Amino acid sequence: MAVVGRAALVLALLTTLFGIGASLYGARRGRREWVEVGRRSVYALVAILTVGIAILEVAFISNDFAYNTVANNSSLTTPLVYRAAAMWGSQEGSLLLWVWLLSIWSSLAVFLTRNRLKEVVPYAVAVLLGFGTFFTSLLVFFATPFGQTSPAPQNGVGLDPLLRNPAMIIHPPMLYSGYTFFAIPFAFAVGALITRRVDAEWIQVARRFALASWLFLGVGVLLGARWAYYEIGWGGYWGWDPVENAALMPWLISTAFLHSIMIQEKRGMLKIWNASLVLGASTLAIFGTFLVRSGVLQSIHAFGASTLGVPFVLLIATMVAGSIYLVVSRRDVLRSEHQLDSLFSREAAFMLNNIVLVGLCFVIFWGTVFPLISQAFTGTTASVGPPWFDRYTVPLALVLVLLSGIGPVIPWRRATLANARRNFALPVAASVAMLIAAYTVVPISSSVPTVILFCAVAFVFASVGQEFWRGWRVRRAMSGDSPPLALISMVRRNQRRYGGYIVHLGIATLFLGVAASATFQHTHYVNLDRGQSDTVGGFTFTNEGPTAAIVDDPSGTGALLTLGAVVRVSRDGRRVTTLRPTAEYFADASGAEGPVGSLIGGDAVSELALDSTWRRDISAAINAVPLQASLQGEINYANKLVTPKLLAQQPTLPYILLAIVARNYLRHPPPAPLKLASSPLVMWLWLGALIVLFGGLIAIWPPPGAVRRRVRARYLARVAQDLGRA
Amino acid sequence: MTEVLGVLVIAALLAFVVWFVGSPLRHPTTTVERESDAQRALEAAKDAKYAEIRDTELDYRTGKLSEEDFRAIDRQLRAEAVEILRALDELR
């Protein structure tokens, strides 16, 4: 079926080209039927690419190693669930997923706007299909997922063990959904600028799609952080890796856009800025894709060296040049209708928020591309590490958290001193209370930025809580609803406002978790013999003995050998929990390590053992490399025992010998090389993320139609009444 | 056998795409647009203006705006809403 897959990709490429031509012809000549042909090309693209996706998925699930992609990213021992997700472990498979998701979200956008923005949509369709052309061209000419080898190998290399984690099943599709969704506001912005229709209807559409891409990308980034917490960082969730940064940058710019578009919506201001932000966010999303796929920067998340760099650079250059041309040439329709009334207004707070967000993005961009810049100017690749990023991002993040508390309590246009006093009293009091608590109750005086952040978080909690309380009281007074009903109807009638407030609450909660866990984390690297203990952050970790499993990997990753330790954790003599950190060893398909050694000669990963509560995370990880080295003598001896003749008579002999090596490990274990950690409030980070997601969903959810109509009718009557009076 | 099946699948996919994408050219739509782009833009502007009026009222009721400021802003917003309604009426 590989030929069908290749044919589907060629057909997809031709469909996108035809669709672009049809859309542009229809738009230029006013021929609705050709515009409709362009629209249908987007729908057809989904069907064609689904065929390609299905063929590749079947090949992965059925272990068809004739496909190079399958042979290089899966194996007979890869569990079914990871075989199904192995497609996005490869460059070509993930590119196919990318363009498939692009086609799905583009179809959704085109369908939702079928009766709107009639002038803009044909150009937006052409741009979306342009992205489709680019990515299907990569699949046809540079990285085909349907390449085959004959004869097919008996077994594959296997999926990278780091990717054998439940979060990796959903993380790439979510992240790619975020990236591909950014193409939609970009396409509609280009269409609106070409047709000079940067009006209220465009704002409605752009805001909704930008919010959707913001949500998807945010979830994708957090799933990635969750994966890193378990798999890569041994308890670290953010490492300022170039690929992590690449996903964060468009998210930050998108956050800025979601705030500043409100200023355009209400005041007709910042039109050039907003157009630049929406175009810039999408360009950064493509830049992120370029970083992952070109191999220009070293990253644990990247696909390594490839030939895709030049096409991506050309695409980015086209997007940047086209965006600049459009904004400059349409500056007459992007002129502001009003000016800022007061520096003490929500508009001003949003502008400051935009400056901080763009500043954050610039810092991250500079730190991310610094290795490329240093390479270009000095010939040597120098990179900046987490301390450099922390130095600049921490102060900006502090301001951002504070602004997320200030924004909700000041009105649009202008605030008076008397009102400000009334609205800021509780949040300021909460901050002062937190400051006093910080210096008296909790010993956090050692970290001034953390204390300031805790105060800012208290400020946000109080200001958002106050907003909910006051809004709820007003709603109750106006409607006479019961307390729960009043709360629900208040949110339903003002979804964007209260959804946004919930997002602010979530962001503050998230930063609380980040600040506390980063500042007060205790970590020890120790070698513990059976029965030995170590105390970390007030918790006593005791190595109670080794664990070993052959083939029967407890976490279901398909590892052939799993070694570990049982670690009892106690505090003040009382048992808190028991952790079972493990190191998983995977086979080496080349067989270079000998018949027994090759069973575990491939990649090795450590699985974090974690006990998480709302107050703290306690974790233990075991270092796979020294543990494997301690077995090397026995493995070498076992290799010598397996002669070709014996292997022919007893093919399972290497496994039996590996089981003996594992049994010896249980009898005479070496000291366990452990990383022991205690981190407070990590769960608040994930909780904050869930709150952000919840708030985002409220904000994006379509408002109840009946309520909208009733409200509209009532206000129409009021406007008419005013007219009558006039 | 697999090759024949492959050719059949490709042919079916191609036929579907040609039929589906080309359908509007065989049956050109004759529906009359109920609203022009300008009307829809004004409707969106009206929705946004009403939302702004509601937001301002909520800001006032929750104590973020003084009565004096609220009256002035509300009056201005309603005047803008009236302008949008007038423009809409002219288009209809």
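Taking amide hydrogens as placed 1.01 Å from N in the peptide plane, the amide H of A:A565 sits under 5 Å from those of A:T547, each at least 5 positions away in sequence or on another chain. Helical content of chain B, expressed as a calculated mean residue ellipticity at 222 nm, amounts to -29000 deg cm²/dmol (DSSP H runs of 4 or more residues, -39,500 (n - 2.57) each, divided by residue number, nearest 500).
Taking the square roots of 5 times each eigenvalue of the Cα gyration tensor of chain A, largest first, gives ellipsoid semi-axes of 48, 37, 21 Å. Report, in whole Å, the centroid distance computed from the Cα atoms of segment A:64-132 and segment A:482-517. Segment A:64-132 and segment A:482-517 have Cα centres spaced 33 Å from each other.
The mean count of C-beta atoms from other chains within 10 Å of the C-beta of residues in A:409-416, rounded to a whole number, is 6. Over the C-alpha trace of segment A:377-467, radius of gyration and Dmax come out as 17.6, 60 angstrom. Using only side-chain charges placed at the Cβ, +1 for Lys and Arg and -1 for Asp and Glu, the dipole size of segment A:341-454 relative to its Cα centre rounds to 340 debye. Placing a label point 7 Å from the Cα of A:L647 along the Cα-to-Cβ direction, the residues of segment A:145-162 whose backbone N falls under 20 Å of that point are A:153-158.
Per residue of B:36-43, other chain Cβ atoms within 10 Å of the residue Cβ number 5 on average. Hey, can you list the DSSP H helices of chain B whose Cα span along the axis is 15 Å or longer and whose average Kyte-Doolittle score is at least 1.6? Long hydrophobic helices here: B:2-26. The eigenvalues of the Cα gyration tensor, multiplied by 5 and square-rooted, give segment A:163-303 an equivalent ellipsoid with semi-axes of 31, 14, 12 Å from largest to smallest. Report summary: the helix-based calculation at 222 nm, which adds -39500 (n - 2.57) for every DSSP H run with n ≥ 4 and divides by the residues of chain A, gives -22500 deg cm²/dmol. Across every direction, the projection of the convex hull enclosing the Cα atoms of segment A:132-195 has a mean area of 6.8 nm².
The simple Förster model, with R0 at 25 Å and r as the Cβ-Cβ distance, assigns A:R575 and A:I170 a FRET efficiency of 0.15. Expressed as a whole percent, the proportion of Cα-Cα pairs in segment A:215-298 lying more than 16 Å apart is 59%. According to the square roots a ≥ b ≥ c of the eigenvalues of the Cα gyration tensor, what is the shape class of segment B:2-91, taking rounded for a/c under 1.5, prolate for a/b larger than b/c otherwise, and oblate for the remainder? In terms of gyration-tensor shape, oblate.
The order of the peptides A:141-149, A:578-586, B:63-71 by mean Cβ neighbours within 10 Å, most packed first, is A:578-586, A:141-149, B:63-71.
In a Debye calculation with equal point scatterers on the alpha-carbon sites of segment A:507-589 and no solvent, what is log10 I(q)/I(0) at q = 0.15, 0.21, 0.25, 0.27 Å⁻¹? With no solvent term, the Cα-only Debye profile gives -0.74, -0.97, -1.08, -1.17.
Per residue, the convex hull around the alpha carbon atoms of segment A:522-680 comes to 104 Å³. When you count the other C-beta atoms within 10 angstrom of each residue and take the mean per peptide, A:512-518, A:98-104, A:593-599, B:74-80 line up highest first as A:98-104, A:512-518, A:593-599, B:74-80. Centroid-to-centroid, using Cα positions, segment A:554-613 and segment A:5-50 are 50 Å apart.
Measure out, as a whole number of angstrom, how far apart the alpha-carbon centroids of segment A:200-223 and segment A:320-386 sit. Measuring centre to centre over Cα atoms gives 19 Å. Ordering A:M351, A:M683 from the fewest to the most neighbouring beta carbons within 10 Å gives A:M683, A:M351.
Once you sort the root eigenvalues of the Cα gyration tensor of segment A:1-164 as a ≥ b ≥ c, which label holds: rounded (a/c under 1.5), prolate (a/b larger than b/c) or oblate (the other case)? Here segment A:1-164 falls in the prolate category.
Please state the shape class of segment A:101-245: rounded when a/c is under 1.5, otherwise prolate if a/b exceeds b/c and oblate if not, all from the C-alpha gyration tensor. Here segment A:101-245 falls in the oblate category. Between A:G268 and any residue 5 or more places off or on another chain, the built amide H atoms are never under 5 Å apart.
Bear in mind these aren't lab numbers, they're just calculated from the coordinates by the rules spelled out. Please read all numbers here as calculations on a predicted model, not as lab measurements. FYI the Cβ positions are ideal-geometry reconstructions off the backbone, even for glycines, and counts take in every protein chain you see.
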